[in-house]
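The values are calculated or read from the model by the stated rules, or taken from the named source; none is laboratory data. It should be emphasised that the depicted structure is a prediction, and the values quoted were computed from it without experimental measurement. Cβ sites come from the backbone with ideal geometry, for glycine too, and all protein chains shown count toward neighbours. With ligands, DNA and RNA removed, areas are computed over all heavy atoms of the protein, side chains included. Shrake-Rupley method; radii C 1.70, N 1.55, O 1.52, S 1.80 Å.
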Amino acid sequence: MAAKPGLVIVGACHAGVQLAVSAREAGWQEPITLIGEEEALPYQRPPLSKEFLLGKMPEESLPLRAEAFYEGHGIDLRLGSRARAIDRAAKRLSLEDGTRLDYAKLALTTGARVRRLSLPGAEAEGVFYLRSLADSQALAAAAESAGSVAVVGGGFIGLEIAAALASLGKQVTVLEAAERLMGRAVGPEVSDFYAKQHRARGVAVKLACALDRIELDAKGRVAGVVTSDGRIEADLLVIGVGVLPNGELAAEAGLDCPNGIAVDRCARTADPDIFAAGDCALHPNAWAGGGDGGMIRLESVQNAADQARAAAANLTGGETPYESVPWFWTNQFDLKMQMVGLSGGHDRRVLRGSPEEAKFSVFYFKGERLLAIDSINRPADHIAGRKLLTADLSPSPDQAADPDFALKSLVNN
């Protein structure tokens, strides 16, 4: 007898696992099948560029759930499987191994993949990208015998890798094409602070610096890079220039995918039986567009988990919009930056605390309205900010700038 159509989830990542768990918690009684391309149990990705790369977190600590959890909750976890096509009329998913799965509801948590360079030599031995556990393991192994590393990309992933490898004693150079680090996400005060901190710890930070070509030795291995600022010797080259959403499966099924899989506030695609969540989902978000709302795709664990919860609630019959305040974090050396809200569209920045003491926050305002806060080693500001933004409350710029003003008092009132 054929299995009863249930919930099929494509993508065994943070969003996929959370969606399966939340669907069960919401009362979904039918079968759940979770499909993942990798052989490893679904795992945490944030440590791959930090604690795991540094050797401070063992591989056995990475899985999101133990293998027994899936069996115990009636979740058919199929690893090493790749989805090939969706037949929306028949409500059937085909896998590359020929398996066909009928579904009542389909959830796409297909994530994103690294953006690859098209330069000659970009696939040579000694060139690394970091997205998966295998990527991190390969980089860690190669770094053991490397003396120098060039990192292309001064965003979060590039700087986290640079910090980890510098902490391991490698000579690291960061190449950023823009005028400042993390420029698309943070204000100049934060960019300047991180450039100074990396340089103080031995990382060579080159801004407005373009990669012209990759040099290989006689064996075809990376030997260095030539940039707009000169030649840099490097045993390894790490590329961290962003990601692309995995929307091809949905697009080939006729779903709208302009920059990710388009969904509504309830994580539904144009097909009422197909949902999407996480890095792959282009969704309406009240915090985008300078706080006026807009379509956006977010790459964070918070977004993956919270949007997956909303999708699970809605595919089980609810009508729960995804409205969580976005928040993110990055650890570099002993510096922990926590971000809440989206700062795009701000017209005023207010500094609270002291960059010289490596404890400060930058508040982003549009008019008198608070849009976002970046906090470096000031967790209380971050926690207060999450509460303020959730309640649509704003301190005045003067209150934000005063480190003695209790932000939480606004929430408690």
Test: residue in the range 45-55 that is within 27 Å of ALA251 (Cα to Cα) and open to solvent by 10 Å² or more (accessible area, probe 1.4 Å): yes
Counted residues in the range 246-285 being farther than 14 Å from THR109 by Cα, aliphatic (A, V, I, L, M) and buried (at least 18 other Cβ atoms within 10 Å of the Cβ) come to 2
Test result for GLY353, touching a Pro at 6+ places or on another chain (Cβ under 6 Å) and either surrounded by fewer than 18 Cβ atoms within 10 Å (Cβ to Cβ) or of a type outside the set (Phe, Trp, Tyr) (or both): yes
Could you grab the pairs with beta carbons closer than 6 Å, sequence gap of 6+ or different chains, first residue in the range 42-60 and modelled with pLDDT under 95, second one of a type in the set (S, T, N, Q)? none
Among the residues of the range 1-25, write down those that are surrounded by fewer than 24 Cβ atoms within 10 Å (Cβ to Cβ), of a type in the set (Gly, Ala, Ser) and at pLDDT 95 or above. GLY6, SER22
Every residue from the range 118-135 that is assigned to a strand (DSSP E or B) and under 23 Å from LEU298 (Cα atoms): TYR129
Selection count where residues are open to solvent by less than 40 Å² (accessible area, probe 1.4 Å) and in contact with a Phe, Trp or Tyr (Cβ under 8 Å, 6 or more places away or on another chain), scope the range 386-406: 4
Step by step: first the residues of the range 306-330, then only those that are in contact with a strand residue (DSSP E or B) (Cβ under 8 Å, 6 or more places away or on another chain) and outside any helix (DSSP H, G or I), then the one that is most open to solvent (accessible area, probe 1.4 Å). Which residue is that? TRP329
Which ones in the range 158-181 are outside any strand (DSSP E or B), open to solvent by 10 Å² or more (accessible area, probe 1.4 Å) and either closer than 12 Å to LEU207 by Cβ or not hydroxyl-bearing (Ser, Thr, Tyr) (or both)? GLU160, ALA166, LEU168, GLY169, LYS170, GLU176, ALA177, ALA178, GLU179, ARG180
Across the range 59-81, what is the total count of residues that are loosely packed, with under 14 Cβ neighbours inside 10 Å, of a type outside the set (Asp, Glu) and touching a Phe, Trp or Tyr at 6+ places or on another chain (Cβ under 8 Å)? 0
Condition check for SER343: hydroxyl-bearing (Ser, Thr, Tyr) and surrounded by fewer than 19 Cβ atoms within 10 Å (Cβ to Cβ): no
Inspect the range 143-152 for any residue being closer than 25 Å to ASP374 by Cβ, open to solvent by less than 10 Å² (accessible area, probe 1.4 Å) and either aliphatic (A, V, I, L, M) or in contact with a Leu (Cβ under 9 Å, 6 or more places away or on another chain) (or both) and give the result as yes or no. yes
Can you give me the number of residues within the range 354-406 that are in contact with a helix residue (DSSP H, G or I) (Cβ under 6 Å, 6 or more places away or on another chain) and β-branched (Val, Ile, Thr)? 2
Name the pairs whose Cβ atoms lie under 7 Å apart, with the first residue in the range 223-252 and hydroxyl-bearing (Ser, Thr, Tyr), the second open to solvent by less than 30 Å² (accessible area, probe 1.4 Å), and 6 or more positions between them or separate chains? THR227/LEU175; THR227/CYS209; SER228/CYS209
Against the conditions (1) among the hydroxyl-bearing types (Ser, Thr, Tyr); (2) over 21 Å from ILE261 (Cα atoms); (3) surrounded by 13 or more Cβ atoms within 10 Å (Cβ to Cβ), where does SER118 fall short? Just the number, please. (3)
Being under 15 Å from LEU79 (Cβ atoms) and open to solvent by less than 30 Å² (accessible area, probe 1.4 Å) is the requirement here; does GLY36 meet it? yes
When (1) hydroxyl-bearing (Ser, Thr, Tyr); (2) surrounded by fewer than 18 Cβ atoms within 10 Å (Cβ to Cβ); (3) closer than 20 Å to LYS196 by Cα are applied to SER361, the one that fails is (2)
Being under 23 Å from GLU248 (Cα atoms), in contact with a Ser or Thr (Cβ under 8 Å, 6 or more places away or on another chain) and charged (D, E, K, R) is true for just one of ARG88, ARG78, ARG92, ARG82. Which residue is that? ARG78
